[in-house]
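Engineer: First the structure, which I've put down as structure tokens, then a few questions once you've had a look.
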Amino acid sequence: MTPDLNAMALFVRVVDYKSFTETSRRLGVPISTVSRKISELEKTLNVRLIERSTRKLRLTELGMDYYQFCRRGLEEFETGILMINDRQSEVSGTLRISIPPNIADVLVMPMICAYQNAYPNTTVKILVTERYVDLIEDGVDIALRVGKLKDSGLIARRLLEYRHLLVASPGYIQTHGEPQHPAELVSHQLITFGGWHGQLSWNLECEEKRHSLVIDSSLSINEISGIQYAAEAGQGIAEIPAFICAAAIQKGTLVEVMPTWHFSPTTLSVIYPSNRNTSRLVRLFMDLCISHIKKQPPFTGI
């Protein structure tokens, strides 16, 4: 049977204060509880730790050796609490974040820079991956995820709802014309986000109308900045998240194509293991994310 940690701590205090009565007084614990806990500890260990008399206590030889181990453990425990309190007050430590590709440049890195400017003693480690990471197994404190979340025991907070837009360069539109209906897209050069295998499709809606088409793309890349570069270079019509291509639309290097037809909205959420014992680093980062996004122009395409 494993000894009770509370009983071990009481044992150390009894030895330090040289009295069951003084230990009871200082800790505010009934003397009967102190005596019972020490007796239970001795029974668990199957050894006598303290020789008792009406006037004083005397440690046995094994009791003295055991006291040294317990005292060091208690000191380490108390040092650990002080370390946590210090780090919590200083806002220091390491925050590990998982994010999907394509949102780092425009959305995440400005938030990370603002976070470290506000809390310069923090270290941030970012894992950029398409893989659906296991926060506990991979040692991740917080993750940003796009789209519908899997049902799990994780806590989720929605940061942003946005749409993807169809965009192209003014030069492409001038040369090839602008489609007026999704059915006309099949005659255009299309730039898509995708991997090596499987067919891609676009599902568009306009008021009550819906249109789905299988994409035969001229260029497929699994990296949004590459897609935007190709679109601005006049290589075709591309699907890009609104908050990523907003600056290019403002500059005029991209224009929205068929603005009356929309993709369904999607969400960006932040997830973390539990509300219980959530670290201060995680709470502060979530608060900063929410504050940062609220200050951004509403370039969501909704």
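The values are calculated or read from the model by the stated rules, or taken from the named source; none is laboratory data. Given the structure is predicted, the values throughout are model-derived calculations rather than measurements. We place every Cβ from the backbone using ideal geometry, glycine too, and count neighbours over all the protein chains shown.
Engineer: Being out of contact with any helix residue (DSSP H, G or I) (no Cβ under 6 Å at 6 or more places or on another chain) and closer than 25 Å to Trp261 by Cα, is that true of even one residue in segment 139-147?
Structural biologist: yes
Engineer: Given (1) on the phi < 0 side of the Ramachandran plot; (2) at pLDDT 80 or above, where does Ile103 come up short, assuming only one miss?
Structural biologist: Going through the list (1) on the phi < 0 side of the Ramachandran plot; (2) at pLDDT 80 or above, Ile103 breaks only (2).
Engineer: Being without any contact (Cβ under 8 Å) to a residue 60 or more places away in the chain, under 22 Å from Arg283 (Cβ atoms) and within 16 Å of the chain's Cα centre (by Cα) is the filter here, so list the residues in segment 117-132 that pass it.
Structural biologist: Thr123, Val124, Lys125, Ile126, Leu127
Engineer: Restricting to segment 198-225, and then to whatever is under 24 Å from Ile103 (Cβ atoms) and assigned to a loop (DSSP other than H, G, I, E, B), can you tell me which residue is modelled with the lowest pLDDT?
Structural biologist: Gly198
Engineer: Quick check on segment 86-97. Is at least one of its residues at pLDDT 85 or above, aliphatic (A, V, I, L, M) and either under 22 Å from Ala143 (Cβ atoms) or part of a loop (DSSP other than H, G, I, E, B) (or both)?
Structural biologist: There is at least one residue in segment 86-97 that is at pLDDT 85 or above, aliphatic (A, V, I, L, M) and either under 22 Å from Ala143 (Cβ atoms) or part of a loop (DSSP other than H, G, I, E, B) (or both).
Engineer: Here's another thing I want to ask about it. Could we say that Ile215 is in the same structural domain as Gln180 (by TED's automatic domain parsing), more than 21 Å from the chain's Cα centre (by Cα) and touching a residue at least 60 places away in the same chain (Cβ under 8 Å) here?
Structural biologist: The answer is no for Ile215.
Engineer: On to the next question. Does Ile191 satisfy the condition of being part of a helix (DSSP H, G or I) and among the aliphatic types (A, V, I, L, M)?
Structural biologist: On the way: part of a helix (DSSP H, G or I): no; among the aliphatic types (A, V, I, L, M): yes.
Here the answer is no, as Ile191 does not meet what is asked.
Yes or no, residue by residue, for (1) closer than 27 Å to Asp134 by Cα; (2) in contact (Cβ under 8 Å) with a residue 24 or more places away in the chain; (3) buried (at least 20 other Cβ atoms within 10 Å of the Cβ):
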residue: Glu184; (1), (2), (3): no, no, no
residue: Ser201; (1), (2), (3): no, no, no
residue: Lys209; (1), (2), (3): no, no, no
residue: Ala231; (1), (2), (3): no, yes, yes
residue: Val257; (1), (2), (3): no, yes, yes
residue: Thr266; (1), (2), (3): yes, yes, no
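Engineer: Would you confirm whether or not segment 98-120 contains a residue that is within 22 Å of Trp261 (Cβ to Cβ) and exposed (fewer than 14 other Cβ atoms within 10 Å of the Cβ)?
Structural biologist: no
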